[in-house]
Amino acid sequence: MTNLQKAKRGKTMRCKRALPLVFLGSLALGALAQSGAAPEKKAAHAAVKSASAGDTTVAQPKSFDLGAMDKTVDPCDDFYQYSCGNWRKNNPIPSDQSRWGRFNELAEYNRQILHQILEKASVNDPKRSPVMQKVGDMYGSCMDETAVNAKGAAPLKPVLKRIAAIKTKAQLVSTIAYLHSLGVPALFGFGAQPDLHNASTLIANVGQGGLGLPDRDYYLATDAKSQETRQKYVEHISKMFVLLGDTPEAAKTEAQAIMALETKLAEATTERVKMRDPKNRDHKMAVTELTALAPNFQFASFFAARGGPSFTEVNVVPPDFFQKVNPLIDSVSLADWKTYLRWHAVRGAAPLLSQPFVEENFNFQGKYLNGAKELQARWKRCVQLTDGALGEALGQPYVQETFGPEGKQRMLRMVNALEEALGDDIQSLDWMTPETKKQAAAKLQAISNKIGYPDQWRDYSTVVIKRGDLLGDAQRARAFEVKRNLNKIGQPLDKKEWGMTPPTVNAYYNPPENNINFPAGILQPPFFDKNADDAVNFGGIGVVIGHELTHGFDDQGSKYSGDGNLKNWWTEADRQEFDKRTTCVADEYGSFIAVDDVHLNGRLTLGENTADNGGIHIALMALHKAAAKDASINQTKEGFTAEQRFFIGFAQVWCENHTPETARLLAKTDPHSPGQYRVIGTVENNPDFAKAFNCKPGSKMISANACHVW
Ligand SMILES: [Zn+2]
């Protein structure tokens, strides 16, 4: 992710560094950049014929959509095709997308609402509220393409000048600090995170980073595709430097130097799967120890240059990275370091510069890495930029227009029902001893929830938004967030803060906060439909709630106690049994093929798959309990029993198409399985599914080796 994309996605990306929030889906990306290490979404609906989704209208998605189904298929043979076959056929990927599913449909629908709000807010009217003025001017800066194009790369000049002026290694360090303050993620990450052993307080955290490709394996794998990607990356860097005014020869040499340097960083980087284990992110030490470990980083000067609160302890994630990179600070020439910083500065800014930069960025990130055919319409990129940069300002008119109190009440009832079901589930587990059950129940009891939007909105009054200064606006908004985060070092954890903006179509569990969070953006069809019956809603948002709750008990969450601290609450025998059961899940999903010969990584996706399986199990328990009190829930409707509607409602949340490029990228980087396997992988483990659809023994949707954790 580039810094500006991060700005768009708000603070959620930052949290990924050391203590990932656990999302429902690999969602809502894209934005101005279409560039990230992650995929894109949005765009047109089936009804829209145009290749470009830019000016088309996306209808509000439907829950329990009979028209989406392919009834020529036996549900026991391929439940995904049965539930989603026609949707997939009728909803090809719009040309400006690399992935198109129900999430995207809803995200695009939300984006249209934001678009209307911003078009109105961008009109220079003295009666605008300060909030509307801020978001309107940011959007207005972004939409003024003529002005942006006329400036070329000029808005980036101050940053490039600063890099060009570096003459010593000490200045290299202070310039990295300066770039970090603007959100440019050069070389490593730095910020505040909850202390793993005292989650109520935030401490300083430094983390590995600094790569331009989506994962370390892109630099190190020897297969033909990876070699091709590296060659394309070098060409891409080269073209960007030519756009900045370098000769093609010089640009080529510079690009190769960057590839050489980033390859060394990749070699020092710990694999994604290992980073899932909290113990590999748990390295608190004195600042003096860090300085001794990696003296060339000159951390004392770096921290001073950043200007945040002072501190004596820091979590280092992982120490290995800093130890291995330390000699490079000296052995790599200053000229190459400057080239590296220049690359990361332009890489992050490209989506906000003139058209040639935007296009070159899209050609590599959007087209080559993700398989999108066409750049998104400018308004879409500008809406997403504003949401990422000033999300809790733009979120205010959004919730006013879309989120009513009745939605919150029904949602609260469902959360309660799901929590009760998980409690019952824990007590009924035949593989867990009473001792561990007691601890699990206590953790569940401590989980809190947030629904819709923050109680208190973030105050952006100090962020200067100057109409006509797009890059400057984005940098100042980003700098505000970076500073806000930095100032939390030594401060108490604020559990009321949100890690996603209100219009976001996603949800998350936060391990140190031990809470589940559902932005207003996801509380709509196909997830949550106030006109649909309980069976459908329990299959939609009910499973999502169950999924987030189960994250508290997956391979990562299970290592945290109810107070958010990294603490073992398991007996050894129970932990062994848990590991055996999660290994079953890892093996199951590891056998699924994402694209060509690329399998899903069962260990990378283990937490999400565990959450999916637990989520559907407890959501169905909650539905049964509700039906025991209200027999009308069990009525057959539209030819389907309540349980059938539950499973179809669940599956239809995951109808999607994606490009082969995106399937490959996600298989290597995304902890979530693709929709197809989120459906098949869970139902084949679930005996209630086989019963609901009368599947005969030996059916494809019945696993001979069904896995069961929660
Ligand atoms: Zn999740």
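The values are calculated or read from the model by the stated rules, or taken from the named source; none is laboratory data. Not measured: the values here are computed from a predicted model. Neighbour counts run over all protein chains shown; Cβ positions are idealised from the backbone, glycine included. To get the accessible areas, we keep the full protein, side chains included, count just its heavy atoms, and leave off ligands, DNA and RNA. Shrake-Rupley method; radii C 1.70, N 1.55, O 1.52, S 1.80 Å.
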Handout entry: Count of region 492-528 residues which are open to solvent by 10 Å² or more (accessible area, probe 1.4 Å), among the polar types (S, T, N, Q) and outside any loop (DSSP other than H, G, I, E, B)
Key = 1
Exercise for the section: Say whether the condition of being open to solvent by 20 Å² or more (accessible area, probe 1.4 Å), closer than 20 Å to I545 by Cβ and more than 16 Å from the ligand (Cβ to nearest atom) is met by at least one residue in region 639-648. Expected result: yes
Handout entry: G562 vs. criteria surrounded by fewer than 23 Cβ atoms within 10 Å (Cβ to Cβ) and either within 15 Å of the ligand (Cβ to nearest atom) or at pLDDT 95 or above (or both)
Key = yes
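Given the criteria free of Cβ contacts under 8 Å to residues at least 12 places away in the same chain, open to solvent by 10 Å² or more (accessible area, probe 1.4 Å) and closer than 27 Å to N416 by Cα, does K625 qualify?
Working: free of Cβ contacts under 8 Å to residues at least 12 places away in the same chain: no; open to solvent by 10 Å² or more (accessible area, probe 1.4 Å): yes; closer than 27 Å to N416 by Cα: yes.
Criteria not met by K625.
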Exercise for the section: Determine which member of the set D430, D473, D425, D469 is closer than 24 Å to I545 by Cα and touching a residue at least 12 places away in the same chain (Cβ under 8 Å). Expected result: D425
Handout entry: Among (1) outside any helix (DSSP H, G or I); (2) under 19 Å from A477 (Cβ atoms); (3) over 23 Å from the mean Cα position of the chain (by Cα), the one test that L156 misses
Key = (1)
Exercise for the section: Of the conditions (1) of a type outside the set (K, R); (2) out of contact with any helix residue (DSSP H, G or I) (no Cβ under 9 Å at 6 or more places or on another chain); (3) open to solvent by less than 40 Å² (accessible area, probe 1.4 Å); (4) not in a loop (DSSP other than H, G, I, E, B), I489 clears all except one; give me its number. Expected result: (4)
Handout entry: L620 open to solvent by less than 20 Å² (accessible area, probe 1.4 Å), under 28 Å from M432 (Cα atoms) and within 16 Å of the ligand (Cβ to nearest atom)
Key = no
Fill in the blank from the handout: The number of residues in region 582-616 that are open to solvent by 50 Å² or more (accessible area, probe 1.4 Å) and either assigned to a loop (DSSP other than H, G, I, E, B) or over 20 Å from V273 (Cα atoms) (or both) is 5
Exercise for the section: Show the residue pairs that are 6+ apart or on different chains and have beta-carbon atoms under 6 Å apart, the first residue being within region 139-163 and within 30 Å of W337 (Cβ to Cβ), the second being open to solvent by 40 Å² or more (accessible area, probe 1.4 Å) and in a helix (DSSP H, G or I). Expected result: I163/K338; I163/R342
Problem - Yes/no for H658 being open to solvent by 10 Å² or more (accessible area, probe 1.4 Å) and within 16 Å of the ligand (Cβ to nearest atom) - result: no
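Inside region 242-280, can you point out the residues that are assigned to a helix (DSSP H, G or I), open to solvent by 60 Å² or more (accessible area, probe 1.4 Å) and farther than 29 Å from K157 by Cβ? Please lay out each step first, then the result.
At the first step, the residues of region 242-280 found to be assigned to a helix (DSSP H, G or I) are 242-243, 248-268, 272-275, 278-280.
Adding the requirement that they be open to solvent by 60 Å² or more (accessible area, probe 1.4 Å) leaves 242-243, 248-249, 252-253, 256, 264, 267, 272, 274, 279.
Of everything in region 242-280, those that are assigned to a helix (DSSP H, G or I), open to solvent by 60 Å² or more (accessible area, probe 1.4 Å) and farther than 29 Å from K157 by Cβ turn out to be K264, E267, R272, K274, K279.
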Handout entry: Which listed residue is touching a Cys at 6+ places or on another chain (Cβ under 8 Å) and within 16 Å of the ligand (Cβ to nearest atom), from G542, G499
Key = G499
Handout entry: Members of region 661-699 found to be within 16 Å of the ligand (Cβ to nearest atom) and not in a helix (DSSP H, G or I), listed by number
Key = D670, P671, H672, S673, P674
Completion exercise
In region 67-92, residues that are open to solvent by 50 Å² or more (accessible area, probe 1.4 Å), more than 18 Å from M701 (Cβ to Cβ) and part of a loop (DSSP other than H, G, I, E, B) total 1
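Of the residues that sit in region 175-189 and are open to solvent by 20 Å² or more (accessible area, probe 1.4 Å) and not hydroxyl-bearing (S, T, Y), which one is farthest from V482 (Cα to Cα)? Lay out the reasoning, then the answer.
To start, the set of residues in region 175-189 that are open to solvent by 20 Å² or more (accessible area, probe 1.4 Å) comprises 178, 181-182, 185.
Still in the running and not hydroxyl-bearing (S, T, Y): 182, 185.
Values: L182: 7, P185: 11 Å.
So, considering only residues that are open to solvent by 20 Å² or more (accessible area, probe 1.4 Å) and not hydroxyl-bearing (S, T, Y), the one farthest from V482 (Cα to Cα) is P185.
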Fill in the blank from the handout: N104 vs (1) closer than 21 Å to F527 by Cβ; (2) out of contact with any strand residue (DSSP E or B) (no Cβ under 8 Å at 6 or more places or on another chain); (3) part of a helix (DSSP H, G or I): all pass except (2)
